[in-house]
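These notes concern the structure reproduced below.
The values are calculated or read from the model by the stated rules, or taken from the named source; none is laboratory data. Just so you know, these numbers come straight off a predicted model, no measurement behind them. Positions of Cβ are generated from backbone atoms using ideal geometry, with glycine treated the same way; all protein chains shown enter the neighbour counts. Surface areas here come from the heavy atoms of the whole protein model, side chains and all, with no ligands, DNA or RNA. Shrake-Rupley method; radii C 1.70, N 1.55, O 1.52, S 1.80 Å.
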Amino acid sequence: MFSWLGTDDRRRKDPEVFQTVSDGLKKLYKTKLLPLEEHYKFHEFHSPALEDADFDNKPMVLLVGQYSTGKTTFIRYLLEQDFPGMRIGPEPTTDSFIAVMQGDVEGIIPGNALVVDPKKPFRKLNAFGNAFLNRFVCAQLPNPVLDSISVIDTPGILSGEKQRISRGYDFAAVLEWFAERVDRIILLFDAHKLDISDEFSEVIKALKNHEDKMRVVLNKADQIETQQLMRVYGALMWSLGKIVNTPEVIRVYIGSFWSHPLLIPDNRKLFEAEEQDLFRDIQSLPRNAALRKLNDLIKRARLAKVHAYIISSLKKEMPSMFGKDNKKKELVNNLGDIYARIEREHQISPGDFPNLRKMQDQLQAQDFSKFQPLKSKLLETVEDMLANDIAQLMVLVRQEESQRPTQMVKGGAFEGTLHGPFGHGYGEGAGEGIDDAEWVVARDKPMYDEIFYTLSPVDGKITGANAKKEMVRSKLPNTVLGKIWKLADIDKDGMLDDEEFALANHLIKVKLEGHELPNELPSHLLPPSKRKITE
């Protein structure tokens, strides 16, 4: 009897059941977060409503930088082919936003047609008007890289006199819209032009809430000497530190991302290592895409909650009859105090609040009498989503990741260094001598033998205690020496013969030269007399 009285409570305690992460995100957004956003006009202040395409689309990479920093060339380097609408030059050539996406045939879709396609995640860009849509296209082409990711090329950010000419649309706002939806933001700098213009500074500040997605590339680094490169790198970090007000340092990749010969090859190894690090970061995007979308939904839900508290507080303070205009001005001017009160009353972190000045500007054009009072049920629904449903989706994310562990970007420049002698680190460190007919350790074995016979071998072997006395002279930590011992003691008898001792010293040399030790001994490092044991 009266069982319906407890249905809401039971519904809150039992989290939703989802088949996939994507379906779960769509359902949670539409049924639990969207009603809160609509009730408090969230979309007029912050971000348009999300659509199915926002949850289904491939990971996207956004390239941002001043003109002639190599953004379009970087895309050309990744794809290893030209794409429709591509223009490269020292002057500001790319004057449009170009979404480079997978397609069966090469072609360009203009902006106005793009924003009415329900399968593309760009429908809400319609709000920026024709001035922007005339400068927005989608370049489609068949390419294996684009099977896994899409890339957004942007107009070069202007400097000096050029930046005073209006673009006709809010450039920073468009970039902020993309930043909310992409998986990675790459800021490109030219090693010759480090000056950060006013427009570029404004753009970086607009990306402030997305530092976790940001990476910095110092491009064209092969055109300057090592000493100058150190100074340029230091100057870049100093400039970024003034704009991005976070204690953490943004990851900067140094290199020359085009397919031409290096002008100054002195730092070739550094560039190769940096390129591999950046490629690994980009290649991991498909595997981490579901987690990124889940993270963005959580951030959006937290902002929507705070927004609801702000709007309902303003509604509560408004008089019902007279003096509305004066009260509105007073509330806008004292918005900082309202933030502080909400922070205290609801235990909300200061980092969850929207930018104060921007919020004050937006409130000027709003009719406060149309704001809604606090509706606890909507907020409780979102709280329930964050507390219960998100936890279940996290489990589902890990399950999907484990089922698709090899999901990564392939093709284009990513294939060039995967296999063969041009793979990063091939023939170096533990890989030295991989193609040699003779055992690479034999080169230095006479020197190691002299040490071996001073350590009192018995029946051609030295004990672990005697080997330790010699190995600790390398000053490597015991954890590293323990790993070297495990790799070198091939027959696992707790002693080393002359070949095993030479191998141990070779691995010590590898580590002292700054290379990583292998987890398992490569076949080319096996002593000749031990190769039958392992077969």
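General remarks:
- So residue 67, is it modelled with pLDDT of 85 or more, more than 30 Å from residue 392 (Cβ to Cβ) and surrounded by 15 or more Cβ atoms within 10 Å (Cβ to Cβ): no
- Verdict on residue 402 being polar (S, T, N, Q) and at pLDDT 80 or above: no
- Residues of the stretch 361-378 that are open to solvent by 40 Å² or more (accessible area, probe 1.4 Å) and not aliphatic (A, V, I, L, M): 361, 362, 364, 367, 369, 370, 372, 373, 375, 376, 377.
- When the stretch 34-50 is filtered for residues that are in contact with a Pro (Cβ under 8 Å, 6 or more places away or on another chain) and open to solvent by 30 Å² or more (accessible area, probe 1.4 Å), only 46 remains.
- You will find that of 469, 483, 475, the residue that is charged (D, E, K, R), assigned by the TED database to the domain that holds residue 451, open to solvent by 60 Å² or more (accessible area, probe 1.4 Å) and more than 40 Å from the chain's Cα centre (by Cα) is 469 and no other.
- Applying a threshold of 9 Å to beta carbon distances and a minimum spacing of six or more residues, or different chains, the list of pairs starting in the stretch 434-453 at a residue that is basic (Lys, Arg) and ending at one that is part of a loop (DSSP other than H, G, I, E, B) reads 443/433; 445/439.
- Picking from residues in the stretch 168-223 that are open to solvent by 10 Å² or more (accessible area, probe 1.4 Å), among the basic types (Lys, Arg) and outside any strand (DSSP E or B), the one that is farthest from residue 354 (Cα to Cα) is 220.
- Qualifying residue in the stretch 251-263 (condition: aliphatic (A, V, I, L, M), touching a residue at least 12 places away in the same chain (Cβ under 8 Å) and surrounded by 16 or more Cβ atoms within 10 Å (Cβ to Cβ)): yes
- Selection from the stretch 93-149 of residues that are within 25 Å of the chain's Cα centre (by Cα), of a type in the set (A, V, I, L, M) and either at pLDDT below 90 or closer than 22 Å to residue 47 by Cα (or both): 98, 99, 125, 137
Okay, residues lined up against (1) loosely packed, with under 15 Cβ neighbours inside 10 Å; (2) part of a loop (DSSP other than H, G, I, E, B); (3) at negative phi:
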position	(1), (2), (3)
316	yes, no, yes
332	no, no, yes
336	yes, no, yes
343	no, no, yes
357	yes, no, yes
380	yes, no, yes
410	no, yes, yes
415	yes, no, yes
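- Selection over the stretch 224-236 of residues that are open to solvent by 50 Å² or more (accessible area, probe 1.4 Å) and within 22 Å of the chain's Cα centre (by Cα) gives a count of 1.
- Filtered residue count, the stretch 211-268, keeping only those that are touching a His at 6+ places or on another chain (Cβ under 7 Å) and of a type in the set (D, E, K, R): 1
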